[in-house]
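I have a structure I would like to understand better, so I am pasting it below and will then ask my questions one at a time.
Throughout, read-outs are computed from the coordinates displayed, never taken from laboratory work. No experiment lies behind these values; they were computed from the predicted model shown. Cβ sites come from the backbone with ideal geometry, for glycine too, and all protein chains shown count toward neighbours.
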Amino acid sequence: MSNVLSKFISVKDANSKYLSLFNLNLMSKYDLEAVKNHKNTIIECLNENDILIRIMGLDLLYLIASPENVSSIIKELLNTLLTATDEEFISELALKVCLIVEKHSQSRRWHFDTILKVLILADQSVKEESAKSLVHLITSTPQLQNYAMTKLFFSTSENPQNDTLCRITLYLIGELGEILPRISEI
């Protein structure tokens, strides 16, 4: 069944793609592994003109994300974020990346680096919950604080127009101000 759906996703007709993605979503409740086999085909849907197809593909990628494939899915989602222009899709994409990283993080440093990339690329489209989650990650992980503050300091310097990034950095300067003298030595 999933192979038939995969063929329908590959056709040019938007209705067929949407119905195939919808049915893959339904199938994921019964056989997630079968749906995971179509990851690359689902990723291709992120570049469709139809926003419903892009969001449905994004939802499916969220469903099939696991510790085994999280790196490749996040890499593709970040590449899509680089070229996305639709604000609604950027907002949904940023949220899904943050949720996937939160759920399947390989390490705290990878978690931080990935969310920082999302902050830089999506700016105002990043939900406040994701920003708060990043702040919590940094404040609750002492071994990450020097690295995170250094990256935030330089990222904010390079992106001063990025309000979300600036707010996070300023808040953390208030919380972790004792780290700043060490950063200025870099």
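Cross-chain or 8 or more residues apart, Cα under 12 Å: how many lysine pairs in the chain fit that? Count them up, please. Display every interim value, and only then the final one.
Values: Lys7/Lys17; Lys75/Lys117; Lys96/Lys127; Lys117/Lys151.
So the count works out to 4.
Looking at Asn79, Ile120, Met27, which one has the Cα that reaches farthest to the positive end of the dipole of the chain (charges on Cβ: Lys, Arg +1; Asp, Glu -1)?
Met27
Here's another thing I want to ask about it. What are the residues whose amide H is under 5 Å from the amide H of Gln106, where those residues sit 5 or more places off or on another chain and H is modelled from the backbone?
Here the answer is His111, since their amide H atoms fall under 5 Å of that of Gln106.
Taking the Cα centre of the chain as origin, sum charge times position over the Cβ atoms of Lys and Arg (+1) and Asp and Glu (-1), and report the length of that vector in debye to the nearest 20. Can you show the working numbers first?
Values: 18 positive and 23 negative charges, 93 e Å.
The dipole of the chain has a size of about 440 debye.
Here's another thing I want to ask about it. So how long is each side of the stretch 30-93 along the principal axes, counting just the alpha-carbon atoms, biggest first, in Å?
In descending order, the Cα extents are 32, 21, 16 Å.
Rounded to the nearest 500, what is the chain's calculated 222 nm mean residue ellipticity when only DSSP H runs of at least 4 contribute -39500 (n - 2.57) each, over all residues?
Counting only the DSSP helices, I get -24000 deg cm²/dmol.
Still on this structure: Hey, of (i) 9, 32, 33, 18, 7, 1; (ii) 9, 34, 30, 17, 9, 2, 0; (iii) 10, 39, 36, 14, 2, 0, which did the structure itself give for P(r) over Cα pairs in 10 Å bins from 0, in percent when calculated?
(ii)
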